[in-house]
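The values are calculated or read from the model by the stated rules, or taken from the named source; none is laboratory data. Since we're looking at a predicted model, the values are computed, not measured. Ideal geometry is used to build each Cβ from the backbone, glycine not excepted, and the neighbour counts take in all protein chains shown. Heavy atoms of the whole protein, side chains included, go into the accessibility calculation; ligands, DNA and RNA do not. Shrake-Rupley method; radii C 1.70, N 1.55, O 1.52, S 1.80 Å.
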Amino acid sequence: MWEYTEKLKEHFFNPRNVGEIKNPDGIGEVGSLACGDALKLTFNLDENGRIKDAKFKTFGCASAIATSSVLTEMIKGLTLDEAARVTNKDIADYLGGLPEQKMHCSVMGREALEAAIENYRTGGRKKRELEGKVVCTCFGVTEKEIERVITENDLTTVEQVTNYCKAGGGCGGCKGEIEKIIEKVQGDKAKAAAAAAPPKTGKLTNIKKIQLIQQTINEQIRPALRAHGGNIELIDVEGNKVIVAFRGMCAQCQVAEFTLKEVVQARLREFVSDHIFVQEQGDSTQQPHNHRG
Ligand code: FES
């Protein structure tokens with residue numbers, strides 16, 4: 001049984017804007033019945049170029065109905081440029097979250113909206129064409145789409161990519177390629193973060209330091225641990241002491257102490273401050289070594 005938010009259930013039991021607009025300005029159709037869900041979105045504009053009305057028809061689960069319903073509500077009153085900036089994360093956030101296995105419903109909503117906007121702008125009335133190289137032939141998912149869900153949702157595993165866009169969820173033949181795309185996107189993000197990081201000699205405010213620690217964990221440390229079935233959570237920061245908790249495989253790992261010092265602490269010293277000392281939650285035996293500041 002999925003854990004659904006009250007808002008999601010409310011939109012599922014009372015979906016808004018179900019149907020199809022007659023003579024719409026834009027039509028977007030995505031998915032296919034063969035893949036288990038499909039969505040058709042139509043909209044009309046008012047005289048100022050804002051979305052006056054939007055309706056949807058979907059064949060899918062409770063999440064597909066609820067995400068389509070909120071999407072039509074969210075875009076009413078927006079210009080097409082504003083609507084084009086709505087991400088799948090915005091849709092999921094609006095619902096108070098979605099089970100990760102259902103995130104592809106929010107992606108389908110965003111794709112239908114993009115297809116409808118493109119349909120309005122180009123005047124065509126055909127289904128959205130796949131752009132770029134198709135990586136997952138089972139579900140017709142392109143490299144560009146996979147890169148986008150990874151970037152926008154900070155995904156680090158193939159399983160997550162499957163949850164968000166279905167790629168990899170069929171024969172599994174594309175999983176190796178998806179892994180390479182994750183490595184490339186996360187590698188690029190890490191480089192960009194390193195380039196943007198302030199020089200370590202600069203004085204950090206507490207808030208900036210905590211943000212930088214969290215960012216380094218998200219972008220530099222967690223992907224490496226997840227590759228081995230583990231995870232890490234930032235628990236607290238007290239001055240230069242960073243308290244973390246290992247999860248998944250890392251929690252029972254024989255070399256957790258090594259990982260703590262040589263991976264977690266080393267990365268935080270590299271990206272945040274030479275004075276960082278990392279301690280595992282509940283372990284008061286570890287003490288900093290002459291690090292002040
Ligand atoms: S090619 Fe992607 S699951 Fe089959």
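Numbers for the structure displayed
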| read-out | value |
| --- | --- |
| Under 18 Å from the Cα of residue 191 - lysines, other chains or at least 8 residues apart | 180, 200 |
| Cα-based helix-to-principal-axis angle, 103-122 vs the chain, degrees rounded to 10 | 50 degrees |
| Rounded percent of accessible protein surface that carbon and sulfur make up, the stretch 8-107, 1.4 Å probe | 49 percent |
| 1.4 Å probe accessible area per residue over the chain, in Å² | 52 Å² |
| Ranked by how many other beta carbons lie within 10 Å on average, peptides 156-162, 102-108, 138-144 from highest | 102-108, 156-162, 138-144 |
| Relative contact order, percent, the chain [alpha-carbon distance under 8 Å, six or more residues apart] | 12 percent |
| Estimated inter-spin distance, residue 274 and residue 13, nm [label 7 Å along Cα→Cβ] | 6.1 nm |
| Proximal lysine pairs, the stretch 73-167, alpha carbons under 17 Å, eight or more residues apart or interchain | 6 |
| Theoretical ellipticity at 222 nm over the chain - DSSP helices of four or more residues, -39500 (n - 2.57) apiece, nearest 500 | -12000 deg cm²/dmol |
| Förster radius 30 Å - calculated FRET efficiency between residue 203 and residue 101, Cβ distance, rounded to 0.05 | 0.10 |
| Cα long-axis angle, helix 62-75 against the chain (0 to 90 degrees, to the nearest 10) | 80 degrees |
| Using a Förster distance of 41 Å, the FRET efficiency for residue 85-residue 257 (Cβ separation, nearest 0.05) | 0.35 |
| Kirkwood-based shape ratio for the chain, expressed as Rg/Rh from alpha carbons | 1.05 |
| Degrees separating the helix 206-216 axis from the principal Cα axis of the chain, which is the longest one | 70 degrees |
| Paramagnetic reach from residue 23 (point 7 Å along Cα→Cβ, amide N under 20 Å) across the stretch 45-71 | 45-56 |
| Inter-centroid distance (Cα atoms) of the stretch 36-70 relative to the stretch 80-124, Å | 9 Å |
